[in-house]
Ligand code: NIG
Ligand code: FE
């Protein structure tokens, strides 16, 4: 018999999302649904997943075992947000209002708003303030079903303030149930004090900031904004190689506004993921699809920037890309913590199926942060991270849009959201 200290039973549907990561092509349609599904864990790890009769015959409960009734609820793995800019200070609603008057994101960025304005506010904020902002946002994420989040620095753009953001992430990770995967993004922009001397900032990054962040062990990934007017493909390649040499895994913001070969670079450098890809060309689609690099699509961005273009999700899936979806939570181009909303945008605005969009925020999202052996599916041995949604079946999660369906969240085998409220 299997001993368990937490049992969830009788879920209308339990989506295991099990399978070999990453899921590609037709595998993206498989959710591993168990009707009237049950799941059990011990010490935060899944020990059983199956039907009610199997639960009864295979699992014994420890004394004090926590039991949750899944009737009326749909159960799925805790969601993984594989791309966010979590530790920023301030907000940019004034810029949003200007955009509503017809000014574009890039035009406002050139006038010193955009990323630079968040850099100014983040530099002025104390570490403590950033930790507390992170907490507030992590609470919102958890209430919306996100149990693991990748978070980028990149609003410091100097040694002291990049480190401050990353140390704030470390503190927030220790003091909040949501797991944070930290990414160093000192190459998010060129800071304004280096406006006409980008090469000097690249030198500073390479010689001082990258080694210092590594030395302090503050980040797992290195990310760069490879985009026309920011970092060219050649500059990105050089920085990525410096990042790799220091021991970082690689992510790349590629082909967001213009196609300059960022997707090809990601495949060539064996980046763990390439993000955005709205302007990816056919060659880029082929190269990404034939590589191990995940294609992380961020439909919140063109939605929030009110642009008609979308990443070619269907072409990418047909070609065999490992597609994931993420919020890109940030104050300037995607101000949302909700992965359910992003899944809905995937379906409503990019032609993705409901199954594809769910796999894209669970197992494939875990793959995009190199955590697919620990999280992203409900399988024996993985972390007991799950969500129970007020939905009779999984299509309901997309059909009933614009609301938060999350009723309960279990993180590492602990009940952290109960009846839609933070708990424990
Ligand atoms: O992923 N593209 C660069 N960075 C963010 C935007 C950040 C901001 O506007 O503050 C993004 O869209
Ligand atoms: Fe981003």
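From the list 31, 14, the lone residue that is touching a helix residue (DSSP H, G or I) at 6+ places or on another chain (Cβ under 9 Å) and not assigned by TED's automatic domain parsing to the domain that holds residue 230 is 31. Taking the conditions exactly as written (at pLDDT 95 or above and either more than 16 Å from ligand 2 (Cβ to nearest atom) or at positive phi (or both)), does residue 86 satisfy them or not? When the stated conditions are applied, residue 86 does not pass them.
Quick check on this structure: which one of 280, 288 is assigned by TED's automatic domain parsing to the domain that holds residue 189, crowded, with 23+ Cβ neighbours inside 10 Å, in a loop (DSSP other than H, G, I, E, B) and in contact with a strand residue (DSSP E or B) (Cβ under 9 Å, 6 or more places away or on another chain)?
Exactly one residue qualifies, and that residue is 280.
Flag set for residue 151, criterion: within 16 Å of ligand 1 (Cβ to nearest atom), buried (at least 24 other Cβ atoms within 10 Å of the Cβ) and touching a residue at least 24 places away in the same chain (Cβ under 8 Å).
This table checks each residue for (1) more than 17 Å from residue 115 (Cβ to Cβ); (2) within 16 Å of ligand 1 (Cβ to nearest atom); (3) free of Cβ contacts under 8 Å to residues at least 60 places away in the same chain; (4) not assigned by TED's automatic domain parsing to the domain that holds residue 136.
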residue: 168; (1), (2), (3), (4): yes, no, no, no
residue: 177; (1), (2), (3), (4): yes, no, no, no
residue: 211; (1), (2), (3), (4): yes, no, yes, no
residue: 215; (1), (2), (3), (4): yes, no, yes, no
residue: 218; (1), (2), (3), (4): yes, no, yes, no
residue: 222; (1), (2), (3), (4): yes, yes, yes, no
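Taken together, the criteria place residue 343 among residues that are buried (at least 22 other Cβ atoms within 10 Å of the Cβ), more than 16 Å from ligand 1 (Cβ to nearest atom), modelled with pLDDT of 95 or more and under 28 Å from residue 39 (Cα atoms). On inspection, residue 118 passes the criterion of being more than 19 Å from the chain's Cα centre (by Cα), within 15 Å of ligand 2 (Cβ to nearest atom), assigned by TED's automatic domain parsing to the domain that holds residue 362 and assigned to a helix (DSSP H, G or I). Out of 227, 235, one residue alone is within 21 Å of the chain's Cα centre (by Cα) and either within 16 Å of ligand 2 (Cβ to nearest atom) or in the same structural domain as residue 311 (by TED's automatic domain parsing) (or both). It is 227.
Every condition in (1) within 25 Å of residue 103 (Cα to Cα); (2) surrounded by fewer than 24 Cβ atoms within 10 Å (Cβ to Cβ) is met by residue 355 except one, and the failing one is (1).
Table: residues versus (1) closer than 24 Å to residue 278 by Cβ; (2) over 13 Å from the mean Cα position of the chain (by Cα); (3) within 16 Å of ligand 2 (Cβ to nearest atom).
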position: 321; (1), (2), (3): yes, yes, no
position: 326; (1), (2), (3): yes, no, yes
position: 339; (1), (2), (3): yes, no, yes
position: 344; (1), (2), (3): yes, yes, no
position: 360; (1), (2), (3): yes, no, no
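A residue that is more than 16 Å from ligand 2 (Cβ to nearest atom), closer than 20 Å to residue 376 by Cα and in contact with a helix residue (DSSP H, G or I) (Cβ under 6 Å, 6 or more places away or on another chain) occurs nowhere in the stretch 57-75. Out of 298, 316, one residue alone is under 21 Å from residue 259 (Cβ atoms) and within 10 Å of ligand 1 (Cβ to nearest atom). It is 298. Tallying residues that are surrounded by 14 or more Cβ atoms within 10 Å (Cβ to Cβ) and away from ligand 2 (no atom under 16 Å from the Cβ) within the stretch 105-115 yields 2. Can you find a residue that is in contact with a strand residue (DSSP E or B) (Cβ under 8 Å, 6 or more places away or on another chain), crowded, with 20+ Cβ neighbours inside 10 Å and modelled with pLDDT of 95 or more anywhere in the stretch 91-101? For the stretch 91-101, residues in contact with a strand residue (DSSP E or B) (Cβ under 8 Å, 6 or more places away or on another chain), crowded, with 20+ Cβ neighbours inside 10 Å and modelled with pLDDT of 95 or more: absent. For the stretch 219-259, a tally of residues being within 16 Å of residue 280 (Cα to Cα), crowded, with 21+ Cβ neighbours inside 10 Å and touching a helix residue (DSSP H, G or I) at 6+ places or on another chain (Cβ under 6 Å) returns 4. The set of residues in the stretch 366-388 that are within 12 Å of the chain's Cα centre (by Cα), more than 16 Å from ligand 1 (Cβ to nearest atom) and surrounded by 23 or more Cβ atoms within 10 Å (Cβ to Cβ) comprises 366, 367, 376.
The values are calculated or read from the model by the stated rules, or taken from the named source; none is laboratory data. Computed from a predicted model, the values in this text were never measured in an experiment. We place every Cβ from the backbone using ideal geometry, glycine too, and count neighbours over all the protein chains shown.
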